[in-house]
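Engineer: Below is the structure I would like to discuss, written out as structure tokens.
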Amino acid sequence: MIGKTIPFDAASIRNDFPILKEEVRGKRLVYLDSAGSAQKPKQVIDAVKHVYEAEYSNVHRGLHYMSEQTSARYEEARLKVARFINAEFEQEIIFTKGTTESINLVANSFGIKNLGPEDEIVLTWAEHHSNIIPWQLLRDQVGCKINVVPVDDDGVIRLEEFERLISKKTKIVAFCHVSNVLGTVLPVKEVTKIAHAHGAVVVIDGAQGVVHMPVDVQDLGVDFYAFGGHKVYGPSGIGVLYGKRDLLNVMPPYQGGGGMINTVTFDKTTWADLPDKFEAGTPPIAQAIGLGAAIDYMNNIGLNKIAEYEVDLLEYATQRLSGIEGLNFIGTAPGKVSVLSFTMDCAHPHDIATIIDQNGVAVRAGHHCAQPLMERFDIPSATRASFGLYNTREDVDILATSLEKVKEIFK
Ligand SMILES: *Cc1c(COP(=O)(O)O)cnc(C)c1O
């Protein structure tokens, strides 16, 4: 399915997203906050609606028709996810409620079991709080140390810095595939080789990765890869943890409850096989099926096509905003994707966002759940425009004229 030769038709794609027809303050909605959460195509909305209208019950439990149907759809979604990231086995796909929960699962299960006071974790300065706090909580429990790989002034994170910080003491190397603030794409495959040479496992926060490029977890060689449904045009409340089967098999459960056991007595309980061992309780059923529909949607357009289109749009936006005097980009790494973060000399990010919202332009302003990175660039916050497959050059033009207006106001 990847790279089918249909042309990329932004107009017809926009048509798939009902919300883009909504007016905001009497203006066309210019949605530039997809890195916060992406909008949903009607194919996803319809898939979720269909579950509740025609195929809904709990999964894996009942011996009745509806439960069988729902279970089959739920497992189909797992298969779609496995193919989407080229996992070797379907059981390597654990459904969670988001990227955040996926990372917490690894920290609590793998981390508690395998790390002690002598051990170290390597993170980067570019991490989202979701990929910082779970490791701090782990550190506080087991007494390990956290080392942080620096980011340079352009937002580049250098391989040599990973090399410098990864040692025999390192047990976990955890970092983002793509920074949600800088747009920097990290050298996942190369870092993974270094980590493995030192006996460490690699955990990737892929929240901004899978949506902007085809991902092949076997080729990357990573041990864990986490992402959420809501940033890949799927529902919120659903996430994925990919983990290598051999690792997941020997990890203890993360939560206990129904669905994750084999036998239970008050003396001893045995765990279910993968992936059920990590899916205690009723899972997000309709959301998982909706995620499957989102993956179908992206595959039908073509992951490479989406990536190409977005790179072109980002280049256009970079050019357009470069023309605005007093606007400073945060993150200018070569090969960056998806987001443009910036500050303006004339106004505070919150004022910028509030003013351009009057024009129907939705951007994010704040610390973007990356306070250490704000500190690194010596700014309290930034404005971020982020792009999805439904954005167009017209959106960028409206953003640029709106920012010019901000300058007028604060002159
Ligand atoms: C959004 C985001 C997260 C959090 O993801 P959820 O699926 O909402 O839990 C983590 N890391 C990065 C880089 C993100 O952009």
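The values are calculated or read from the model by the stated rules, or taken from the named source; none is laboratory data. Note that the structure is predicted; figures quoted are calculated from it, not measured. When we count neighbours, we look across all protein chains shown, and the Cβ atoms used for this are built from the backbone with ideal geometry, even at glycine.
Engineer: Which strands (runs of 3 or more DSSP E) does segment 119-200 wholly contain that include 1 or more residues that are within 30 Å of N328 (Cβ to Cβ) and among the small types (G, A, S)? Quick ask: steps written out before the conclusion?
Structural biologist: On the way: elements: 120-124, 145-149, 170-176.
Hits in segment 119-200: 170-176.
Engineer: Across segment 218-239, what is the total count of residues that are polar (S, T, N, Q) and touching an Asp or Glu at 6+ places or on another chain (Cβ under 9 Å)?
Structural biologist: Step one: filter segment 218-239 for residues polar (S, T, N, Q), giving 218, 236.
Imposing the further condition that a residue be touching an Asp or Glu at 6+ places or on another chain (Cβ under 9 Å) reduces the set to 218.
Looking only at that region, the number is 1.
Engineer: Additional query: Can you pull out the residues in segment 35-50 that are among the small types (G, A, S) and within 16 Å of the ligand (Cβ to nearest atom)? Step through it out loud before you land on a result.
Structural biologist: Looking only at segment 35-50, we keep the residues that are among the small types (G, A, S), and these are 35-38, 47.
Passing the criteria: A35, G36, S37, A38.
Engineer: Which residues, taken from segment 363-394, are in a helix (DSSP H, G or I) and surrounded by fewer than 24 Cβ atoms within 10 Å (Cβ to Cβ)? Working first, answer last.
Structural biologist: Taking segment 363-394 and keeping what is in a helix (DSSP H, G or I), we get 371-376, 393-394.
Within segment 363-394, Q371, P372, M374, E375, R376, R393, E394 qualify.
Engineer: Another question about this same structure. Considering only residues that are surrounded by 18 or more Cβ atoms within 10 Å (Cβ to Cβ), closer than 24 Å to V156 by Cα and away from the ligand (no atom under 16 Å from the Cβ), which ones fall in segment 120-146?
Structural biologist: Matches in segment 120-146: E120, I121, V122.
This table checks each residue for (1) more than 21 Å from A38 (Cα to Cα); (2) touching a residue at least 40 places away in the same chain (Cβ under 8 Å); (3) aliphatic (A, V, I, L, M); (4) surrounded by 24 or more Cβ atoms within 10 Å (Cβ to Cβ).
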| position | (1), (2), (3), (4) |
| --- | --- |
| I166 | yes, yes, yes, no |
| V181 | no, yes, yes, yes |
| P214 | no, yes, no, no |
| D219 | yes, yes, no, no |
| G239 | no, yes, no, yes |
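Engineer: So in segment 207-259, with the set limited to residues that are farther than 26 Å from G281 by Cβ and acidic (D, E), which one is nearest to the ligand (Cβ to nearest atom)?
Structural biologist: Per the stated criteria, the residue is D216.
Engineer: In this structure, is V51 out of contact with any strand residue (DSSP E or B) (no Cβ under 8 Å at 6 or more places or on another chain), modelled with pLDDT of 95 or more, more than 30 Å from G221 (Cα to Cα) and surrounded by 14 or more Cβ atoms within 10 Å (Cβ to Cβ)? Talk me through it step by step, then tell me what you get.
Structural biologist: Values: out of contact with any strand residue (DSSP E or B) (no Cβ under 8 Å at 6 or more places or on another chain): yes; modelled with pLDDT of 95 or more: yes; more than 30 Å from G221 (Cα to Cα): yes; surrounded by 14 or more Cβ atoms within 10 Å (Cβ to Cβ): yes.
So V51 fits the description; yes.
Engineer: Residues T343, T318: which one is touching a Pro at 6+ places or on another chain (Cβ under 9 Å) and either outside any helix (DSSP H, G or I) or assigned by TED's automatic domain parsing to the domain that holds Y390 (or both)? Steps first, please.
Structural biologist: Values: T318 fails: touching a Pro at 6+ places or on another chain (Cβ under 9 Å).
Within the list T343, T318, the selection yields T343.
Engineer: If a residue must be surrounded by fewer than 21 Cβ atoms within 10 Å (Cβ to Cβ) and away from the ligand (no atom under 14 Å from the Cβ), how many such residues does segment 84-108 contain?
Structural biologist: Residues that pass the stated criteria total 6.
Engineer: Which of the residues belonging to segment 259-280 are assigned to a loop (DSSP other than H, G, I, E, B) and within 14 Å of S71 (Cα to Cα)? I'd like the intermediate steps shown before the answer.
Structural biologist: Initial filter on segment 259-280 (assigned to a loop (DSSP other than H, G, I, E, B)): 259-260, 265-268, 272-275, 279-280.
Of everything in segment 259-280, those that are assigned to a loop (DSSP other than H, G, I, E, B) and within 14 Å of S71 (Cα to Cα) turn out to be G259, P275, E279.
Engineer: So is A288 assigned by TED's automatic domain parsing to the domain that holds V106, more than 16 Å from the ligand (Cβ to nearest atom) and hydrophobic (A, V, I, L, M, F, W, C) or not? Quick ask: steps written out before the conclusion?
Structural biologist: Details: assigned by TED's automatic domain parsing to the domain that holds V106: yes; more than 16 Å from the ligand (Cβ to nearest atom): no; hydrophobic (A, V, I, L, M, F, W, C): yes.
Answer is no for this residue.
Engineer: Now for a separate question. For residues that are basic (K, R) and either in a helix (DSSP H, G or I) or free of Cβ contacts under 8 Å to residues at least 60 places away in the same chain (or both), tally how many sit in segment 395-411.
Structural biologist: From segment 395-411, those basic (K, R) are 405, 407, 411; that's our starting set.
Next, only the ones that are either in a helix (DSSP H, G or I) or free of Cβ contacts under 8 Å to residues at least 60 places away in the same chain (or both) stay: 405, 407.
Residues in segment 395-411 being basic (K, R) and either in a helix (DSSP H, G or I) or free of Cβ contacts under 8 Å to residues at least 60 places away in the same chain (or both): 2 in total.
Engineer: Then there is this: Is it the case that some residue within segment 322-334 is touching a strand residue (DSSP E or B) at 6+ places or on another chain (Cβ under 8 Å) and β-branched (V, I, T)?
Structural biologist: yes
Engineer: Right, something else. Quick check on my filter: what residues within segment 134-156 are under 22 Å from G199 (Cβ atoms) and under 22 Å from the mean Cα position of the chain (by Cα)? Give the derivation first.
Structural biologist: So the first thing to find is which residues in segment 134-156 are under 22 Å from G199 (Cβ atoms), and the list is 134-135, 138-139, 141-149.
Correct list: P134, W135, L138, V148, V149.
Engineer: For the list (1) buried (at least 20 other Cβ atoms within 10 Å of the Cβ); (2) closer than 30 Å to D357 by Cβ; (3) among the hydrophobic types (A, V, I, L, M, F, W, C), I need the number of the one condition that V59 fails.
Structural biologist: Failed condition: (2).
Engineer: Out of all the residues in segment 34-56, is one or more in contact with a Gly (Cβ under 7 Å, 6 or more places away or on another chain) and assigned to a strand (DSSP E or B)?
Structural biologist: No, segment 34-56 contains no residue that is in contact with a Gly (Cβ under 7 Å, 6 or more places away or on another chain) and assigned to a strand (DSSP E or B).
Engineer: Here's another thing I want to ask about it. Check Y74, Y56, Y31 and return the single one that is touching a residue at least 40 places away in the same chain (Cβ under 8 Å), aromatic (F, W, Y) and touching a strand residue (DSSP E or B) at 6+ places or on another chain (Cβ under 6 Å).
Structural biologist: On the way: Y74 fails: touching a strand residue (DSSP E or B) at 6+ places or on another chain (Cβ under 6 Å); Y56 fails: touching a strand residue (DSSP E or B) at 6+ places or on another chain (Cβ under 6 Å).
One residue alone meets the criteria, Y31.
Engineer: Let me ask something else about it. Considering segment 248-258 alone, what residues qualify as being hydrophobic (A, V, I, L, M, F, W, C), out of contact with any Leu (no Cβ under 6 Å at 6 or more places or on another chain) and assigned to a helix (DSSP H, G or I)? Give the steps one after another, and end with the answer.
Structural biologist: At the first step, the residues of segment 248-258 found to be hydrophobic (A, V, I, L, M, F, W, C) are 248, 250-251.
Filter once more, so that each one left must be out of contact with any Leu (no Cβ under 6 Å at 6 or more places or on another chain): 250-251.
Across segment 248-258, the qualifying residue is only V250.
Engineer: Name the one entry in R78, R61 that is of a type in the set (D, E, K, R), assigned to a helix (DSSP H, G or I) and more than 16 Å from the ligand (Cβ to nearest atom).
Structural biologist: Values: R61 fails: assigned to a helix (DSSP H, G or I).
The conditions single out R78.
Engineer: Can you say whether D219 is in contact with a Lys or Arg (Cβ under 9 Å, 6 or more places away or on another chain), at pLDDT 95 or above and not in a loop (DSSP other than H, G, I, E, B), as far as the supplied structure shows? Full working, then the answer.
Structural biologist: Numbers: in contact with a Lys or Arg (Cβ under 9 Å, 6 or more places away or on another chain): yes; at pLDDT 95 or above: yes; not in a loop (DSSP other than H, G, I, E, B): yes.
Yes; evaluated as a whole, the condition is true for this residue.
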